[in-house]
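S.K.: To start, I am sharing the structure in question, which I have written as structure tokens.
The values are calculated or read from the model by the stated rules, or taken from the named source; none is laboratory data. Everything numeric in this text was worked out from a predicted model, so none of it was measured. For neighbour counting, all protein chains shown are included, and Cβ atoms are generated from backbone atoms with ideal geometry for every residue, glycine included.
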Amino acid sequence: MAGSGTAARLLPYLQVAPLALILGVFLVVPILTLVVVSFFDYDSVRIIPDFVWTNYAEVLLSAVTWRTYAKTVWFAALVWAITLFIGFWVAYFLAFHVRSRTVQTALFLLCTIPFWTSNIIRMISWVPFLGRNGLLNQALLGLGAIDRPLEFLLFSDFAVVLAFVHLYTLFMVVPIFNTMMRIDRRLVEAAVDAGANAWQVLTNVIIPLSKPGIAIGSIFVVVLVMGDFITVRLMSGGQSASVGLMIYNQISLLQYPAAAANAVVLLAIVLLMVGAILRVVDIRREL
Amino acid sequence: MTDDHADRPARPASATRRRLLGAAAGAALGSGAVTGFPTLWAQNIRNVTLRQFGTGVSALNPIAEQVKKDLGFTLSMTALDTDAVTQRAVTQPRSYDIADIEYFVCKKVWPAGVLQPLEVKKIALYDKIVPIFTTGKLTPESPIAQGTAPHTVSFVESKGATAFAPHPTEWMTLIPTIYNADTLGIRPDLVGRPIRNWKDLVDPAFKGKASILNIPGIGIMDAAMVMESLGTLRYGDKGNMTRAEIDRTIAFLIEQKRAGQFRAFWKTFDESVNLMASGEVVIQSMWSPAVTAVKTRGIPCVYQPLAEGYRAWGGGLGVAKHLSGLQLDAAYEYINWYLSGWCGAYLNRQGYYSAVLDTAKRHMSENEWGYWMEGKPAAADIMGPDGKLLDKAGSVRDGGSFTDRMGKVACWNSVMNEDRYMVQKWNEFIAA
């Protein structure tokens, strides 16, 4: 009897063991390594095991870091606002305006078609379009709308934000669409019966009930933009900085401890942002 | 591991041993046994695969194909950008057999102890290698340029040494393969005036149409050439700046960036080609084959010689420490083959220079040799490596002959003592 009691107590541990093992080996250990390495010293080729604060001092006390973080957060905020606006309305259209299930699915699949190509291809394809002698400038020049090419279109913050929005809007559409599909239509009917106009239905029924989807989409977009390096590098022509790019530069110059310190700081900030989002919206409630 | 043990007893006696080896090498060369293709080894060399990695400039598949044809074994190539090459060389020494790295990268990588030096006596054409890589002097009178000149990191005293020897020894770190003199590339149809100096890169006339490369160690050197050309700063050694010099150079770059001088910064070969070919940029730091690539698209592009001289670079083949036995023999075969002519001709035809000129000459037509190496007008059309028209009959190579170009090197790509500080400041420039 005692033996089977122990077994019964051990069983749940056994059941969580595989997941715990995977998370332990592939998440906890790497992150701990990252933290440990962030205290190491380094020279131009070697990493020297040590316990120094210089990496953090260099990250936190440098004006460049702060400017870069500010820039990255600014990119994240701008991209978040734009993708939320577009994503919400696309999802709204799909969920409430398209009646037929088949059309809904077809349109939804249409949204995902760009994802059949790689991220980088989708990004690069903007280059010939937006360039000084690109399609857009040539078209506008041909129409006589402008008399000299618009230079801000490519290798600028505009190009970076445009590419981000293009790449990440779907991450907003999917979760919002998902939660909207779960909204009980009778609630909308009840609201209308109670005298609510379209605007009131939207603000009092649909938006509050879509919050978990909005929160999940926001987490996706914010996390992706905060950690990005390749979009910023390619679309700004290397002229703009982001935290991810800063880390990438440090890694490529073998400054692993500095990169690790930077990554730890970035991780802390992103976790705070995600925590803040979860604070505002209880995503579990509606899942 | 077994190799290391085998080497250890040999080290204390290295001084006498080296003298012996030197004599042996001399004898080998004297006997005229320089064919480049010894046939001593067994058929099983065909099963050998050597994994080589390097920058896009020299990771060329036709070379691998020719190796298969001439030597029988397989050479697999991986192309990475300059920074990634350094990283891979140091952090993943087991992932490659042959490191195709630049001399300034060698200065960084060698102390990490991931490569083994090559025995000079086994390099058949050692005596024919262009002296830039051995004594540092192209001709006995040439001055030695600033920066990490290749000969300063070409030799070590013994097999296990991590410090460089200041003079030629019996152990070479890298066998030179490919080098060139870099300058600015321009679009002659779009700049609208003659370009003569490095300072033209920051001429306000080219606002928003200039680019500089975003590889800190090289980019800062181009910036230094510009600063000296403007007369704002004279460096003690452009390849080894002081903190104050780095500060002033970066401040200058930031000022230029804020003023909107630069359209973009490029990091890889193809980025520089696209910037130039699309007309986004009309003047920029550039590599010779990138100019060639723009020209073969039928777009005019000139590799403009400038009054202040060139910034040069060179690369070579190093052998990973773990290589031994048959694989090591194959590596020596490959290296000897590299210097034996076909490859040199192939590289010369792309606008690079090869380490042994005599053998390359035999694989090139008189017209090709005249155009690429002697600065003569082409007697017939010059074709690119892909068979497309590169330059019409009558045209002359930008910058002229080999001695005109390599004799006007102002500095070599380098690693500075203040490397870490410089990289931090460079990141500030990119983030500014």
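S.K.: One residue is enough: does segment B:372-384 have a residue meeting the conditions assigned to a helix (DSSP H, G or I) and not assigned by TED's automatic domain parsing to the domain that holds residue B:340? Walk me through how you get there before you give the answer.
M.R.: Initial filter on segment B:372-384 (assigned to a helix (DSSP H, G or I)): B:372-373.
After this cut, where a residue has to be not assigned by TED's automatic domain parsing to the domain that holds residue B:340 as well, the list is B:372-373.
Yes; the residues of segment B:372-384 include at least one that is assigned to a helix (DSSP H, G or I) and not assigned by TED's automatic domain parsing to the domain that holds residue B:340.
S.K.: Report the residue count in segment B:96-117 for those that are in contact with a strand residue (DSSP E or B) (Cβ under 7 Å, 6 or more places away or on another chain) and either β-branched (Val, Ile, Thr) or not in a helix (DSSP H, G or I) (or both).
M.R.: Going through segment B:96-117 one residue at a time, the tally reaches 12.
S.K.: Any residue in segment B:243-262 that is in a helix (DSSP H, G or I) sitting within a Cβ distance under 6 Å of a residue that is acidic (Asp, Glu) and at pLDDT below 95? List the pairs, counting only those 6 or more apart or interchain.
M.R.: Pairs found: B:243/B:418.
S.K.: Could you tell me which numbered condition residue B:212 fails, if it satisfies all but one of (1) more than 14 Å from every other protein chain (Cβ to nearest Cβ); (2) in a strand (DSSP E or B); (3) more than 30 Å from residue B:159 (Cα to Cα)?
M.R.: (1)
S.K.: Something else about it: Hey, among the residues in segment B:215-241 that are closer than 21 Å to residue B:153 by Cβ and among the β-branched types (Val, Ile, Thr), which one's nearest to the chain's Cα centre (by Cα)?
M.R.: B:218
S.K.: Separate question: Can you tell me which residue within segment B:41-58, out of those that are in contact with a Phe, Trp or Tyr (Cβ under 7 Å, 6 or more places away or on another chain) and closer than 22 Å to residue B:289 by Cβ, is surrounded by the fewest Cβ atoms within 10 Å (Cβ to Cβ)?
M.R.: So, considering only residues that are in contact with a Phe, Trp or Tyr (Cβ under 7 Å, 6 or more places away or on another chain) and closer than 22 Å to residue B:289 by Cβ, the one surrounded by the fewest Cβ atoms within 10 Å (Cβ to Cβ) is B:56.
S.K.: Just to check your reading of the model, which residue among A:209, A:234 is within 14 Å of chain B (Cβ to nearest Cβ), under 27 Å from the mean Cα position of the chain (by Cα) and surrounded by 17 or more Cβ atoms within 10 Å (Cβ to Cβ)?
M.R.: On the way: A:209 fails: within 14 Å of chain B (Cβ to nearest Cβ).
Of A:209, A:234, the one residue that is within 14 Å of chain B (Cβ to nearest Cβ), under 27 Å from the mean Cα position of the chain (by Cα) and surrounded by 17 or more Cβ atoms within 10 Å (Cβ to Cβ) is A:234.
S.K.: Can you tell me how many residues in segment A:18-52 are in contact (Cβ under 8 Å) with a residue 60 or more places away in the chain, of a type in the set (Ser, Thr, Tyr) and either in contact with a Lys or Arg (Cβ under 9 Å, 6 or more places away or on another chain) or exposed (fewer than 14 other Cβ atoms within 10 Å of the Cβ) (or both)?
M.R.: Here the count works out to 2.
S.K.: Tell me the residue from B:273, B:302 that is touching a helix residue (DSSP H, G or I) at 6+ places or on another chain (Cβ under 9 Å), of a type in the set (Val, Ile, Thr) and in contact (Cβ under 8 Å) with a residue 24 or more places away in the chain, please.
M.R.: Numbers: B:273 fails: in contact (Cβ under 8 Å) with a residue 24 or more places away in the chain.
Exactly one of B:273, B:302 is touching a helix residue (DSSP H, G or I) at 6+ places or on another chain (Cβ under 9 Å), of a type in the set (Val, Ile, Thr) and in contact (Cβ under 8 Å) with a residue 24 or more places away in the chain, namely B:302.
S.K.: Also, I was wondering about something else. For segment B:152-169, check the following and say yes or no: at least one residue is of a type in the set (A, V, I, L, M), within 14 Å of another protein chain (Cβ to nearest Cβ) and touching a residue at least 12 places away in the same chain (Cβ under 8 Å).
M.R.: If we filter segment B:152-169 for residues that are of a type in the set (A, V, I, L, M), which is where we start, we get B:153, B:156, B:161, B:163, B:165.
From the residues that got through so far, the ones that are within 14 Å of another protein chain (Cβ to nearest Cβ) too are B:153, B:163.
From what is left, the residues that are touching a residue at least 12 places away in the same chain (Cβ under 8 Å) are B:153, B:163.
Checked segment B:152-169: at least one residue is of a type in the set (A, V, I, L, M), within 14 Å of another protein chain (Cβ to nearest Cβ) and touching a residue at least 12 places away in the same chain (Cβ under 8 Å).
S.K.: Within 11 Å of another protein chain (Cβ to nearest Cβ) and of a type in the set (Asp, Glu) - does that describe any residue in segment B:257-278?
M.R.: For segment B:257-278, residues within 11 Å of another protein chain (Cβ to nearest Cβ) and of a type in the set (Asp, Glu): present.
S.K.: Take residue B:231 and tell me if it is assigned by TED's automatic domain parsing to the domain that holds residue B:410, over 21 Å from residue A:132 (Cβ atoms) and surrounded by 16 or more Cβ atoms within 10 Å (Cβ to Cβ).
M.R.: no
S.K.: What is the one condition in (1) at pLDDT 90 or above; (2) closer than 27 Å to residue B:223 by Cβ that residue B:403 does not satisfy?
M.R.: Here residue B:403 clears every test but (2).
S.K.: Somewhere in segment B:80-95, is a residue outside any helix (DSSP H, G or I), in contact with an Asp or Glu (Cβ under 6 Å, 6 or more places away or on another chain), hydrophobic (A, V, I, L, M, F, W, C) and in the same structural domain as residue B:326 (by TED's automatic domain parsing)?
M.R.: no
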